[in-house]
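Before any comments, here is the structure.
The values are calculated or read from the model by the stated rules, or taken from the named source; none is laboratory data. On a predicted model such as this, the values are computed, not experimentally measured, just so you know. When we count neighbours, we look across all protein chains shown, and the Cβ atoms used for this are built from the backbone with ideal geometry, even at glycine.
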Amino acid sequence: MLIEFTLNHKPVMVDAPPDITLLELLRDHLGLTGAKEGCAVGECGACAVILDGRLVNSCLVLAPQAGGSDIVTIEGIHAPDGGPNDLQENFITYGAVQCGICIPGMVLAGEALLLKTLTPTRAEIRTALAGNLCRCTGYQQIVDAIEATAQQRRRQETGVRRSPGT
Amino acid sequence: MTELKYIGKPARRVDALEKVTGKAKYIADRKLPGMLYARCLRSETPHGRIVQLDTAPALAVPGVQAVITSEDFFEHGLYGFPVKDKYMLAYQKVRYVGEAIAAVAADTPEAALAGVQAIICELEPLPAVFDPDHALDPDAPQIGPDRPDGKHPNFLDLLIVRKADPLAEWERSPVKLDQRYSVGPQEHAYIEPEGALAVPTREGGVIVYAPNQSPFVNQGNLAMVLDLPHNLVRVIQPPVGGSFGGKDDLVYETSAQVAKLALVTGKPIRMVFSREESLIASYKRDAMRMRIRLGADPDGTLRACKFEGLLDSGAYASEATFTAWRASIHAMGAYKYNACDVDIACVYTNNSYSGAFRGFGNTEVCSAIEQAIDELADAVGMDPMDFRLKNCLRLGDETAHGQVLTESVGLPECIQTARRLSDWDRKRAEYSAPRTTQHALRRGIGVAALYHGTSLGAEGSDYASSTISVEQNYSVDLTSGLTDYGQGSRTVFTLIAAEELGVRPDRIHMQRPDTDTAVESGPTVASRSTMLGGNAARIAAGNLRQTLDFAAADLLGCELHQLIRADEAYVGPTEEPVAWEQVVDHARAMGLALSAHGKWTAPQITWNHHAGRGTPYMAYHFATQVAEVEVDMRTGVVQVIGFWAVHDPGKVIFPQGAYGQLYGGIAQGLGYALMEQITYTNGYLQETNFESYLIPTSVDVPEITAQFVEAPFSAGPYGAKNIAEPAMVPAAPAILNAIAHATGRRVRDLPANLERVLLGKDLTKGGSAKACKLGLKT
């Protein structure tokens with residue numbers, strides 16, 4: 001069946017079987033391998049994507065359910081020049097990456113949180129990551145990276161809002 | 001020594017960019033045109049004889065291209081180190097649920113599964129052993145082959161340490177402890193399941209992309225079971241999505257299966273496990289049952305330790321005998337005794353199988369001895385910190401094995417620092433004060449100390465190699481035979497080479513291991529990369545530096561000793577800097593080779609297995625961890641609310657990486673202490689995915705305060721020792737000791753799950769073969 005949706009800010013139309021998951025659609029039909037299959041039962045978050053502004057496990061979404069939605073995967077997260085964005089840069093700076101297999105999901109979990117608030121406490125960041133398993137890092141440096149990004153984006157936002165008056 | 005530019009300074013992990021952008025290609029992300037998908041038929045019987053194995057019906061399934069069994073391998077695919085007891089596909093017998101029997105290659109994953117299900121495999125059930133305490137009964141069903149020495153075929157090995165007569169010393173000790181402890185198996189739970197991709201070559205060989213720990217071990221196994229010369233077998237390391245000891249044997253097995261299928265079909269073959277298959281088929285951390293007798297004087301001076309352990313190796317040996325050796329060396333903890341005996345026996349059962357896992361025996365014994373030490377401190381009436389400070393190993397002390405510690409012993413400082421950072425004395429007093437029984441939430445604070453031998457020790461010859469070369473574009477190409485599966489060793493090697501060579505780290509391209517381009521360096525295990533691989537990188541870069549120094553002196557018309565460096569540039573007596581590139585050009589013009597090799601071999605040490613005496617390791621990592629917990633007395637829920645870790649890893653090379661190792665290791669130890677439970681019901685695993693096998697999430701792990709005490713080790717690169725395994729080892733006993741402090745009751749069996757904390761015993765639970773049988777079909 002034909003499935004149409006917005007993927008990483010661009011419209012896509014793909015012909016795919018109706019009984020596959022969004023994860024399979026992304027990986028096997030669209031060639032986007034940033035989302036990983038870690039458990040296929042919605043427990044690990046390695047397959048997380050942002051669907052209409054919310055973090056979802058793409059292994060639990062049927063591909064046809066993506067129709068008409070706006071989906072952002074890790075391939076859609078980058079700076080305007082194509083390099084790493086501020087959150088990705090902070091993941092590197094704060095040492096939040098080890099084996100890296102959970103990291104696409106972690107970056108998207110961070111982005112999904114920062115869409116909602118730029119003033120999260122560390123406890124709120126931890127709650128936002130609770131659906132994403134990481135076996136390497138103990139999460140602390142991931143929390144550091146998201147916290148630092150929230151602060152930077154807050155400063156930028158404040159700066160932007162102030163700029164007309166200055 | 002001149003000030004270090006890169007070592008110990010903030011740095012960027014060399015592979016972080018490709019990982020944060022999702023561009024890193026793990027094994028499941030790699031696909032070739034015409035590639036076939038492979039899948040294994042796995043045993044649904046814990047112990048059985050293969051009476052019929054007919055693959056013809058599978059070949060009749062549309063899309064199925066090939067099926068292989070043990071008959072397709074040289075000597076039926078027998079492999080294993082140090083004990084050669086396993087087959088790449090089961091031969092004659094299966095010994096555990098999940099053991100691979102045949103492998104199918106097909107056009108699609110669905111066809112591969114249909115092929116697996118079409119194979120006619122008849123297994124005649126054999127009596128099985130699930131309780132290691134009965135594995136050596138005279139009438140126990142035989143799991144292993146007959147032993148030439150006449151010992152029980154289910155007996156694998158006995159590892160000992162001997163010092164004086166601990167039972168006599170124990171009898172004479174005024175304060176005695178005699179307790180039993182146990183630990184269950186633990187799953188590595190790397191988020192990337194196992195897999196491998198094989199590509200047949202035109203010369204009749206095979207290239208295998210495998211997320212394995214030790215590519216050269218894999219290559220050796222492949223050459224052996226495929227009956228190919230080494231030069232026709234190439235193993236390439238893709239990014240690895242976590243390992244923790246877990247991607248050894250099973251990934252070699254998977255590699256052999258896809259390699260054989262590639263040779264048979266002439267097509268690329270990929271196999272990737274589901275989570276269920278990963279949990280059911282993979283080896284675990286061994287379960288261990290331990291009895292500890294400790295004796296002390298009333299003033300708290302430790303006198304005797306008698307430690308007896310029984311390690312359940314499961315169906316195969318894998319690394320169990322090495323694990324048991326490391327366990328035996330560390331079983332008494334980092335303390336001084338007048339007399340000390342350790343006996344660790346390992347036996348076969350039909351409970352899956354046990355293999356390497358972070359800490360490698362020390363994680364198991366440390367969780368017991370550090371509880372026993374706390375219990376004895378309590379019996380003496382001493383604060384656990386004071387008790388440890390009174391008895392712990394210090395510079396110049398002799399260990400229970402007879403090794404004198406001549407350098408790099410940071411333990412007393414670790415204990416004192418952890419005490420201060422955690423505000424131990426205040427909290428310990430506050431939480432020890434009498435509490436009303438109605439209080440539902442109780443807090444406690446606990447400590448554990450650690451020592452952990454660096455690298456392989458007397459387990460085997462210990463060396464590593466690196467190569468380095470300057471490329472046409474002035475970048476520097478660095479190789480190592482050791483693998484980075486997430487721990488950060490490629491960054492460590494890069495920083496060391498940059499420091500030695502005097503170039504920026506971003507000029508260096510640190511390659512992943514490839515058996516065609518890297519040099520064999522022993523296995524990537526035992527937290528040995530920083531010291532062994534780091535020294536090799538240091539030597540290789542130093543050799544290249546010498547060549548460039550000659551070129552620079554020639555170019556600048558001066559003596560070698562007159563050269564100084566201004567960032568990358570060379571400066572001579574004229575004080576006119578010449579760029580590093582110019583020196584490279586000049587070296588080329590002089591006809592000098594701009595490539596070098598570095599090999600480092602660890603100092604020779606010896607261990608007498610019969611006497612249980614010797615020098616087991618060249619140096620030790622020391623640490624102290626403190627856990628603060630809150631226990632809900634109504635539910636048994638334990639929340640770790642604070643954690644402090646003070647470690648002596650020698651010199652820290654890559655700080656973000658070292659802290660990351662600590663945080664991650666502690667999280668794994670927290671899971672081991674509280675929630676990670678593996679249950680075999682008559683050999684059938686009950687926890688087959690992450691909804692039942694729980695690992696710590698971001699809300700289970702507290703904010704951790706970590707600090708390093710850097711007691712340099714003279715033979716380590718820049719004084720570095722190790723970090724990866726020691727990070728995890730003391731976390732569980734620190735948490736267990738905190739729970740005992742909070743509740744007044746001790747849980748001596750890990751994990752301290754809700755019922756053990758609340759009721760002090762296990763609840764009888766049902767179990768069945770259902771989850772396993774379903775899991776092998778999804």
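A few points about this structure:
- Candidates in region B:238-281 are the residues that are polar (S, T, N, Q) and crowded, with 24+ Cβ neighbours inside 10 Å; of these, the one that is nearest to B:TYR485 (Cα to Cα) is B:SER243.
- Some residue of region B:185-206 being under 27 Å from B:ASP312 (Cβ atoms), away from chain A (no Cβ under 14 Å), in contact with a strand residue (DSSP E or B) (Cβ under 6 Å, 6 or more places away or on another chain) and not in a strand (DSSP E or B): yes
- Tabulated pairs, region A:129-152, first at the interface with chain B (Cβ under 7 Å from one of its Cβ atoms), second among the acidic types (Asp, Glu), C-beta under 8 angstrom, 6+ apart or interchain: A:LEU133/A:GLU43; A:GLN140/B:GLU703
- Within region B:438-456, residues that are touching a residue at least 60 places away in the same chain (Cβ under 8 Å) have Cβ atoms under 6 Å from residues that are in a loop (DSSP other than H, G, I, E, B) and of a type in the set (Gly, Ala, Ser) in these pairs: B:ALA449/B:ALA334; B:TYR451/B:ALA334; B:THR454/B:ALA619; B:SER455/B:ALA526; B:LEU456/B:ALA526, counting only partners at least 6 apart in sequence or on another chain.
- Members of region B:316-346 found to be within 20 Å of B:ASN154 (Cβ to Cβ) and either in a helix (DSSP H, G or I) or out of contact with any strand residue (DSSP E or B) (no Cβ under 9 Å at 6 or more places or on another chain) (or both), listed by number: B:ALA320, B:THR321, B:PHE322, B:THR323, B:ALA324, B:TRP325, B:ALA327, B:SER328
- Flag if B:ALA727 is within 16 Å of B:GLY665 (Cα to Cα), touching a residue at least 12 places away in the same chain (Cβ under 8 Å), small (Gly, Ala, Ser) and assigned to a loop (DSSP other than H, G, I, E, B): yes
- Boolean, B:GLY665 is more than 30 Å from B:THR45 (Cα to Cα), within 9 Å of chain A (Cβ to nearest Cβ) and out of contact with any strand residue (DSSP E or B) (no Cβ under 9 Å at 6 or more places or on another chain): no
Conditions tested, residue by residue: (1) touching a Leu at 6+ places or on another chain (Cβ under 7 Å); (2) crowded, with 23+ Cβ neighbours inside 10 Å; (3) more than 8 Å from chain B (Cβ to nearest Cβ).
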residue	(1), (2), (3)
A:ILE74	yes, yes, no
A:ALA79	no, no, yes
A:ASN90	no, yes, yes
A:GLY105	no, yes, yes
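- Residue among B:GLY361, B:GLY300, B:GLY333, B:GLY314 that is surrounded by fewer than 24 Cβ atoms within 10 Å (Cβ to Cβ), at positive phi and not β-branched (Val, Ile, Thr): B:GLY300
- B:ASP378 vs. criteria closer than 24 Å to B:SER313 by Cβ, outside any loop (DSSP other than H, G, I, E, B) and out of contact with any helix residue (DSSP H, G or I) (no Cβ under 6 Å at 6 or more places or on another chain): no
Residues are listed down the side, and each one gets a yes or a no for (1) buried (at least 16 other Cβ atoms within 10 Å of the Cβ); (2) at pLDDT 95 or above:
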| position | (1), (2) |
| --- | --- |
| B:ALA589 | no, yes |
| B:GLN604 | no, no |
| B:GLN625 | yes, yes |
| B:GLU628 | yes, yes |
| B:ILE641 | no, yes |
| B:TRP644 | yes, yes |
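- Which listed residue, of B:GLU203, B:GLU187, B:GLU194, B:GLU169, is within 30 Å of B:THR265 (Cβ to Cβ) and either hydroxyl-bearing (Ser, Thr, Tyr) or in contact (Cβ under 8 Å) with a residue 60 or more places away in the chain (or both): B:GLU194
- Scanning region B:124-146 for residues that are surrounded by fewer than 20 Cβ atoms within 10 Å (Cβ to Cβ) and of a type in the set (A, V, I, L, M) returns B:LEU126, B:LEU136, B:ALA140.
- Counted residues, region A:110-128 - those being among the small types (Gly, Ala, Ser), at the interface with chain B (Cβ under 9 Å from one of its Cβ atoms) and closer than 24 Å to B:GLN661 by Cβ: 0
- Residue count for region B:504-521, restricted to those that are touching a helix residue (DSSP H, G or I) at 6+ places or on another chain (Cβ under 7 Å), under 30 Å from B:TYR620 (Cα atoms) and not hydroxyl-bearing (Ser, Thr, Tyr): 4
- Residue match in region B:274-282 (condition: within 14 Å of another protein chain (Cβ to nearest Cβ) and among the hydrophobic types (A, V, I, L, M, F, W, C)): yes
- Any pair with Cβ under 6 angstrom, 6 or more apart, that starts in region B:693-710 at a residue that is more than 8 Å from chain A (Cβ to nearest Cβ) and ends at one that is assigned to a loop (DSSP other than H, G, I, E, B): B:TYR693/B:GLU187; B:TYR693/B:GLU687; B:LEU694/B:MET675; B:PHE708/B:VAL652; B:VAL709/B:GLY410; B:GLU710/B:LYS651
- B:LEU763 falls short on exactly one of the conditions (1) surrounded by fewer than 24 Cβ atoms within 10 Å (Cβ to Cβ); (2) touching a strand residue (DSSP E or B) at 6+ places or on another chain (Cβ under 7 Å); (3) not acidic (Asp, Glu), and that condition is (2).
- Selection of strands (runs of 3 or more DSSP E) fully inside region B:55-134 by the criterion of at least 1 residues being closer than 27 Å to B:ALA223 by Cα and either of a type in the set (A, V, I, L, M) or in contact with a Gly (Cβ under 8 Å, 6 or more places away or on another chain) (or both) returns B:64-68, B:100-106.
- For region B:668-692, the set of residues classified as facing chain A (nearest Cβ under 8 Å) and either crowded, with 24+ Cβ neighbours inside 10 Å or hydrophobic (A, V, I, L, M, F, W, C) (or both) consists of B:GLN668, B:PHE690, listed by residue number.
Yes/no per residue for (1) in a helix (DSSP H, G or I); (2) among the hydroxyl-bearing types (Ser, Thr, Tyr); (3) within 13 Å of the chain's Cα centre (by Cα); (4) not assigned by TED's automatic domain parsing to the domain that holds A:ILE50:
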{"position": "A:GLY105", "(1), (2), (3), (4)": "yes, no, yes, yes"}
{"position": "A:ALA109", "(1), (2), (3), (4)": "yes, no, yes, yes"}
{"position": "A:ALA130", "(1), (2), (3), (4)": "no, no, no, yes"}
{"position": "A:THR137", "(1), (2), (3), (4)": "no, yes, no, yes"}
{"position": "A:GLN141", "(1), (2), (3), (4)": "yes, no, no, yes"}
{"position": "A:ASP144", "(1), (2), (3), (4)": "yes, no, no, yes"}
{"position": "A:THR149", "(1), (2), (3), (4)": "yes, yes, no, yes"}
{"position": "A:GLN152", "(1), (2), (3), (4)": "yes, no, no, yes"}
{"position": "A:ARG155", "(1), (2), (3), (4)": "yes, no, no, yes"}
